[in-house]
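Some notes on the structure that comes next.
The values are calculated or read from the model by the stated rules, or taken from the named source; none is laboratory data. Given the structure is predicted, the values throughout are model-derived calculations rather than measurements. All Cβ positions, glycine included, derive from the backbone under ideal geometry; neighbour counts span all protein chains shown. Note: accessible area is taken over every heavy atom of the protein model, side chains too, but ligands, DNA and RNA are not part of it. Shrake-Rupley method; radii C 1.70, N 1.55, O 1.52, S 1.80 Å.
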Amino acid sequence: MSAAAVCLAALAACATFSDTTKSTERSLAQQQPKLALVEYEKLQPSSADRVLHLMNKGMLLRMAGDYEQSTRALEEAKTLIDNLRAVSLREQALSIVVNDASKSFIGEDFEQVMVHAYLALNYLERQQLEAARVEALQVDVLLRQKAEGSSDSPYVEDAFARYLTGIVYEDQREWSDAMIAYRKAYETYKEQLDRFGVALPETLKHDLIRLADRMQLAQEAARYRKAFGITDTPSAAALLDRGEIILTVHAGLAPVKRENAATVLNPGTGRMLRLALPQYRPRAQPFAYVRVSVDTHSVTTSRVENIDAIAVKSLEAKMPAITARALARMIAKDSVAKAAAGDQRSGGQALAGLLVNIAAVAAERADTRSWFTLPGEIHLARLSLPPGNYRGRIEFHGSGGGLLQSSEFQIALGKGEKRYLSRHWIPTNLEVRP
C-alpha cells in the first residue's frame, strides 16, 4: 500500500467533533429532545471537552423541560470556563504541535455570554429573580472585559444580552440600571445591524420610551417617540397594575462547524501534506415569527439575536490566526517526518518516516467543536394583560406566513407580575445551506 493510501485510511478512522453529533441532531429533528440527550450522553468527553459537553447537555436538558438540571450543567460549565480562561503554556504549545482541538474548550466569546444568558432565562422561568440578577451583573462584567481585549473582533457587545439584563433590572424595579441596559442594547442593535442583520426590536422601542417617561427624561423620551414614530406607549405605572407575559423563542440550531481540509502528496518527497481548517455552514431557517394570542389580545415576536451570523463572523475574524497555526504545524510535521526518514536507503528509517508522516496527517484535524445546540435565532415578545387566569395560544409561522406548529398554554398573572415562557422550535429537516 502506498504512503498516500495509508495516510488516507488513517484519516478515515478519525472523526471530528461535528461528525459525532449526527444522532443527537437526528433526534432533535424528530422533536425528541429527551432521546437527543440520551444519544449525546453516549459520547464520553475528554477533559479538554468537559465545558463543551456541559454546554450542550445544559441546552438539551432545557429543551426537555428540566430547568433544574439544565441550570446545574450550565453553572458547572461557567465555573470551569473561569478556571480555564488562562490557557496554560503547555496547551498552547500542544496546539502548535498536534492541532487546535487539543486545547481545552472554553467556547467562543459569544458562547460564553450565552451561558450567562441561558442561566438567566432558566432562573426567570423558575421565578428566581435574584439569581437572574446575578447573571445580569456577570454579563456586564464579561462584556466589559471582551470590549477591552477584543478591539478587532466583530463581537464585542451583545445586544440581546444587554436587552435581557434590562428586563431583569426592570422586573426588580431598578429603573436606572434597566434604562442603562436598554440604552446599551439600543446602541448595539444600531451598530451591529449591517454585521448581524438584527433590526431594533419593536418591544425595545416601547421599553425605552416607558423607562424614559418613568425617570422623567422628557427630552430623551421625545427623541425616541420621534425616531420610532410611536405616540402611544403604556406607562410604567400602568404596567405595574397589570401582569405581563415575556416569551422567548429559540429557533433552529446554530450553524454546523465542519472541517474544510486538503491532503496532497508532495511529489518531491513522497510524503503527504495536510491542511485542515474549520468552517461554519449555516442551516436553512424556515422559521419567521411567533404569534402569541390570549383572549382578544395578540402580539408577534421580534428577532433579538442572530447566533447564526455572530458565529460565522466571529470565526471569519479568527481565520488568519487559525490558518497561520495550521501552516506552521504542516511545515513542522513534515520536517519531523523528513528527519525520521533520514537516509532513504535504510529500510528501517524509511518505515519510521512513513509512520511519522501517517501519524502527523491523521492528527491534523480542524477544531470543529461548538455549542451546536444553541438556536440559530432568538425571538422575543411581551404581552401585557390584566391580572387573571388565561388560556393562550402560541403559533409558529414560516417565512411565507404559513403555520408551522402551534400549542396552547395556561397561565395565571398577578398584579405587577411578569411570567417568563420559553419555546424551542427545531425544523424536521436540519439541512445545511450550500
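Checked against the criterion of being open to solvent by 30 Å² or more (accessible area, probe 1.4 Å), assigned to a helix (DSSP H, G or I), of a type in the set (Phe, Trp, Tyr) and modelled with pLDDT of 95 or more, the stretch 62-71 has at least one qualifying residue. For the stretch 262-300, a residue qualifies if it is in contact (Cβ under 8 Å) with a residue 24 or more places away in the chain, within 22 Å of Lys338 (Cα to Cα) and assigned to a strand (DSSP E or B), and the qualifying residues are Thr263, Leu265, Met272, Leu273, Arg274, Leu275, Ala276. Just to verify a result, which residue in the stretch 266-288, among those that are within 23 Å of Pro427 (Cβ to Cβ) and touching a Gly at 6+ places or on another chain (Cβ under 9 Å), is modelled with the highest pLDDT? Top of the filtered list is Ala288.
Of all residues in the stretch 353-399, those satisfying the criterion of being open to solvent by 20 Å² or more (accessible area, probe 1.4 Å) and within 26 Å of the chain's Cα centre (by Cα) are Arg365, Asp367, Glu377, Arg382, Glu395, Ser399. Quick check on this structure: which one of Ser2, Ser47 is under 26 Å from the mean Cα position of the chain (by Cα), at pLDDT below 90, loosely packed, with under 15 Cβ neighbours inside 10 Å and over 28 Å from Ala251 (Cα atoms)? Answer to the check: Ser47.
Leu200 meets all of the listed conditions (1) touching a Ser or Thr at 6+ places or on another chain (Cβ under 8 Å); (2) assigned to a loop (DSSP other than H, G, I, E, B); (3) closer than 30 Å to Pro286 by Cα but one, namely (1). It is to be established whether one or more residues within the stretch 114-134 are at negative phi, surrounded by 17 or more Cβ atoms within 10 Å (Cβ to Cβ), modelled with pLDDT under 95 and touching a Leu at 6+ places or on another chain (Cβ under 7 Å). No; the residues of the stretch 114-134 include none that is at negative phi, surrounded by 17 or more Cβ atoms within 10 Å (Cβ to Cβ), modelled with pLDDT under 95 and touching a Leu at 6+ places or on another chain (Cβ under 7 Å). Here the condition is being within 22 Å of Asp213 (Cα to Cα) and surrounded by fewer than 23 Cβ atoms within 10 Å (Cβ to Cβ); of Asp140, Asp171, Asp152, it holds for Asp171 alone.
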